[in-house]
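Novice: Have a look at the structure that comes next, please.
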Amino acid sequence: MKASTPLFGLVAVIALLGVCVAGQNETAPELTARQVDRLIQADWNRENIVPSPPVDDAGYLRRISLDITGTLPTEQMVRAFLTDRSPDKRRRAVDALLDTPAYAEHWTNYWDSVLLGKQYPLAYVDRPAFRQWLHDQFARNTPWDKLVYSLITATGYSSPGGDRRSRMLAMYDDAGQTAPARAMSSVQSMPEETPANSSAAPGGAPAVTIDPTRVNGAVNYLLKFRETPADLAGTTSRVFLGVQIQCAQCHDHKTEKWKQTDFRSFTACFMQARPKPIVRASKGVMAVLDIEDVNVPMRPRQVQRLSMKQSDLASYLSASPAALDGTRFAASDNRRRDLASWITSKDNPWFAEAIVNRIWSHFLGRGFVEPIDDFRPSNPPVAPEVLKRIADDFRANGCDLKRLIRLVCATQVYQLSSAPARRADHGNLYWERYRLKPMGPDELLDSLVQATDFGAVLERVAGERLDRIKLAMHRQFTFLFDVDEEFEQKEFEGTITQALMLMNGNLTNRSVTPVPGAALAEVLAMPGGDADRIESLYLRTLSRPPTPAETNYWTGFVNAPRTPVMDSPQAQQAQQAQNEQPGFRAFRRNGGAPARPARLQRLARVQAYEDLFWALLNSSEFMFNH
C-alpha cells in the first residue's frame, strides 16, 4: 500500500478491507454502518484526507453516554466496560443506553429547547405538560413521522390546570431520572378572555373541572405561537423540513427560491387552529386552553390579540393554503391535518433528510448541511450520497430514531478520536476526526451532579427547598452556558464569567467536599492506597483511568507537606479539639512548640484531595465531549 493512501489506522483499515470483500455479495436491503463508512472513505480518498486513529474504549463510552443520555457514565459503568473483552461490547453499550430512562429525559430536554426555546413569558403555555408529552414519545420510541404528525395536528386541552408555580416546580421531581428537567426562566401572568361557563374559585383555584382525557401537552407547541402564527409556520418548516422560509415573510429575495406567496400560503395552513379559553390565567393559576380547528372568520377580539400588522394578518387569512411543493389545501376540511400528512410523507423530499442531518450533527459535531436547518440549492450538502442513503434507509425502516442512532454510533467515522488527523481538510468538513463539543448547560450541570454524587446530598439537606434549588441551579447554568436555540454551537466560545462560575461557584466548591453521601467522602473511605483513590476520581470525572505520570504527580501532591486552610468549619473544629486536649495549654505556657495536630494533618490531606477533585472538574477534558 502506498504511503499516500488514506488510513483509518490499522484497525480501521482491516475493517474496511473486510467491507470491500463482503460488499461484493451483499444483498441485505438495510443500510449498514460499514456501507456508510465506505461511502465516506471514498470522499476521503478524493480529498486526499488521512483521518485520525480510532478512539479508545474509555473515550467511546464517555462519548456515547453524553450524546445519547446527556450525562457521564458512572464509575462502575466505566470499569465494567474497560474489563469487557467481548467484540460487540460497543454495540451492546449503545443498546443499553438507549434503553435507560436517561435517554428519554435527554431527548425531552433537547426537543423542549428546540421547540419551545429557552425563555418565554407566556402564562398560557404549560411547559411541564409539553415535556411530559415529549417524554412519553421518546420513552415509547414513537416513530419520528408519527411524533411530528401528532405535534402539528394536536388538539385538546393545554394543561390539567392548577397552581402554576407548583406545575413549574414539578418539572424537577424527576422520580429517579438521571437528568433533572429544564426550567422555565420566567413566567408572567397574562389575562385571558373567559367563557361564560368558566370562573375562578376564591383563592385563585379554578372552579372548572378539567377532563384529563382531553389534556394533550402537544398543543403547547402551537400555543407558544398563539399570537404569531407566521412564526409557527417558519419554525415548523425550519425544524421539521430544514427549510428556512421565514426570510420571505417580508419581501421576495431575488436569489432565494421561496417568495412571499409561498410563505403566506404555508402560514395559511395554521390559521384555522384557534385556542378557546377554558380556565383564565390569573395570579398563581395555570391557564387552560382548548385547541380546535374552525373554518370561520376570526372575531375582532381574536384579531386584536395577534401580534402582527392587520395587513399581514389579512394576507394570511386570504392566502390559498399550500405546501412548499405547491400542493394546495384550499378544499381541505382540516388544513393542519393535510399539511402534517404532506410534511411526514415518504415522498417529501426534505422530511427524512432534515432529521438525519440534525442527528448526524448532534453526534458528529457537524451535519451534512450547515446550518442544520438551511437546506437550499445555494447551500449544498457535504457527502450528499451519504445523506440520501441514510435518509432513504430511515424512511424504509419506519422512521425509527433509535435505529438511526445505532447506525450512526456503529460507524467508524463516529468512532474516530478527536486527535488531529494526519492530513485534514479545512474545517473538518468530512469528519476526519471527532469534533470537540462543549457540554450544553443541561449536560454540564447533570454531569457535575453525577460525578460528585451531590444529588443525594441535596435531597437530604434541602428537604422542601430541593425543587427551588434545582430551579435556581438550572437558571444559572442556562443563563451562562446556553446559546441561541436556533443555531448549533460549533466552536468553543467560553467566557470569563463561565470560567469563574465553575471555579468559584457554590455547586463546584461544595460538591468536592467530603460531606456524608458525596463522592469524595466515599472515595476517601474506600480501601487501598492513594493510587486507587486517584483512579476513582478520574473514572468519575474524565471516564478514564489516569496515566502513570498523572498517578505519580497526584500521589506526590496529596502527600506533600502543607498547612491546612483554617477558614473552613472542618479546620476550626480540628483546631478547637486540639486546644481542648489535656496539657496543651501548659505545654504552650512553658514555651513548647507542639507538633502539628494529627487531626489537622488529616485535614490538610483531605483538602489536597478536594483540590485534586476540583481541578478535574474544571479541566477542559471534563467540560468537553471528545
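The values are calculated or read from the model by the stated rules, or taken from the named source; none is laboratory data. Everything quoted here is computed from the prediction, not taken from an experiment. As a convention, Cβ positions derive from the backbone with ideal geometry for all residues, glycine included, and neighbour counts pool all protein chains shown.
Novice: Inside the stretch 321-360, can you point out the residues that are over 29 Å from Val386 (Cβ atoms), crowded, with 20+ Cβ neighbours inside 10 Å and among the aliphatic types (A, V, I, L, M)?
Specialist: Listed by number, the residues that qualify are Ala322, Leu339.
Novice: Exactly one of these conditions fails for Leu444: (1) among the aliphatic types (A, V, I, L, M); (2) assigned to a helix (DSSP H, G or I); (3) farther than 22 Å from Thr69 by Cβ. Give me its number.
Specialist: (3) is the only condition that Leu444 fails.
Novice: Here's another thing I want to ask about it. Can you pull out every residue in the stretch 268-290 that is assigned to a loop (DSSP other than H, G, I, E, B) and either over 10 Å from Ser158 (Cβ atoms) or among the small types (Gly, Ala, Ser) (or both)?
Specialist: Selection gives Cys269, Phe270, Met271, Gln272, Arg280, Ala281, Lys283, Gly284, Ala287.
Novice: Please verify whether the stretch 198-213 includes one or more residues that are modelled with pLDDT of 80 or more and part of a loop (DSSP other than H, G, I, E, B).
Specialist: Scanning the stretch 198-213 turns up at least one residue that is modelled with pLDDT of 80 or more and part of a loop (DSSP other than H, G, I, E, B).
Novice: Looking only at the stretch 395-407, which residues are more than 22 Å from the chain's Cα centre (by Cα) and within 14 Å of Trp360 (Cβ to Cβ)?
Specialist: none
Novice: Just one of Glu370, Glu353 is under 17 Å from Gly398 (Cα atoms) and either in the same structural domain as Lys259 (by TED's automatic domain parsing) or touching a residue at least 60 places away in the same chain (Cβ under 8 Å) (or both); which is it?
Specialist: Checking each option against the conditions leaves just Glu353.
Novice: Before we move on, is Ser378 of a type in the set (Ser, Thr, Tyr), surrounded by fewer than 22 Cβ atoms within 10 Å (Cβ to Cβ) and more than 24 Å from His106 (Cα to Cα)?
Specialist: yes
Novice: All but one of (1) surrounded by fewer than 18 Cβ atoms within 10 Å (Cβ to Cβ); (2) modelled with pLDDT of 95 or more hold for Ile64, so report the exception by its number.
Specialist: (1)
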